[in-house]
Amino acid sequence: MQSADKLLMLRLEQVSPIVVATHPRSGTHLMIDALRWRAPECRVWKLPFEPLERVYSTTEELVPARPTASKLAVLSTLLRASRPLVKTHRLPHFERWYLPPRHDPLEPTLAAVLERRAKTVHVHRDGRAAIWSYYLLSRRSGALRGLTFRDFLRIPSSASPWQNAARSWAMHVRAWLAEGDVLSVAFAELTTAPDDTLSRVAARLELAVESRVSALPPRLGSVHDYLAARRPAGQPPSTAVLAPDWRLPPRSWREVFSREDGRFFEQETEGLLVQLGYASAHDWWMELD
């Protein structure tokens, strides 16, 4: 084991991290920012010239293949909070998810320490909205090379030939819902009833939260505000990943899902939308054009 991993394990034994677990594009950063906004133990002061990501950590920075400098940067974040926030898109117990290579297994001893010391909150979102947003983000990065949304929904990942985007979302969410010691909350709960939701989260995490006039941190009014907020030292109001295609009017999943897309999604996810309250009937896709 490298010395950076040993230092990380030593620090993790001294703190009580909070893991925010989600499928991509499901409210990860809203939960991170809400906890930073309301819970002093979670706040990390961003130093001048540091990237915004230094106010939280990610499990993807801890895989063995990551450079030592990346792991030492995580250590720096962990040193600045007694309840540091750790973001993950992994499966429970930090098992590898289907996206390579940043989801490769953690070093086992490091994963065991993190699991023993951390408490976890899971955030889920309507899978149709999450996958549409994830498609836009992936398209913006250039990773899709012209792949249409219809194909993105259906084509298996190169890392897991049996798993497409729809089935992967369902597998990921069900895996976290099955964890009895993990509180799962809906993204919509955080946006529509933030005080009640954060009180419930704080109680489960054994976390003290402050009363504030606004339950959630202020929303940034434009992309220029967003970029400006990332530069200074201190407490940036948002860690959110820039919304895909922000120059264009936002489009709902309802505008892009065909009836056949909906039927396929329901077939692959086997009723999870109804179970979570995102759809009222299993034939919801019949209402699509």
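No value in this document is a laboratory result; all are computed from the given coordinates. Note that the coordinates shown come from a computational prediction; the quantities given were computed from them, not determined experimentally. In this analysis, Cβ positions are derived from the backbone assuming ideal geometry, glycine residues included, and neighbour counts consider all displayed protein chains.
Determine, yes or no, whether residue 28 is within 28 Å of residue 166 (Cα to Cα) and of a type in the set (Ser, Thr, Tyr). Yes; evaluated as a whole, the condition is true for this residue. As a summary of the residue check, residue 106 satisfies the conditions (1) surrounded by 16 or more Cβ atoms within 10 Å (Cβ to Cβ); (2) in a helix (DSSP H, G or I); (3) not aromatic (Phe, Trp, Tyr) except for the one numbered (2).
The listed residues are 70, 26, 76, and the only one of them that is surrounded by 23 or more Cβ atoms within 10 Å (Cβ to Cβ) and over 20 Å from residue 206 (Cβ atoms) turns out to be 26. Applying the criterion of at least 3 residues that are under 20 Å from the mean Cα position of the chain (by Cα), touching a residue at least 40 places away in the same chain (Cβ under 8 Å) and on the phi < 0 side of the Ramachandran plot to the helices (runs of 4 or more DSSP H) found wholly in segment 143-198 leaves 165-177, 187-192. When residue 55 is tested against (1) under 14 Å from residue 121 (Cα atoms); (2) touching a strand residue (DSSP E or B) at 6+ places or on another chain (Cβ under 6 Å), exactly one condition is not met: (1).
For (1) under 15 Å from the mean Cα position of the chain (by Cα); (2) free of Cβ contacts under 8 Å to residues at least 40 places away in the same chain; (3) in a helix (DSSP H, G or I), each residue gets a yes or a no:
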position: 21; (1), (2), (3): yes, no, no
position: 25; (1), (2), (3): yes, no, no
position: 31; (1), (2), (3): yes, no, yes
position: 34; (1), (2), (3): yes, no, yes
position: 53; (1), (2), (3): yes, no, yes
position: 60; (1), (2), (3): yes, no, yes
position: 72; (1), (2), (3): no, no, yes
position: 76; (1), (2), (3): no, yes, yes
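Scanning segment 42-51 for residues that are buried (at least 17 other Cβ atoms within 10 Å of the Cβ) and either in a strand (DSSP E or B) or of a type in the set (D, E, K, R) (or both) yields a total of 2.
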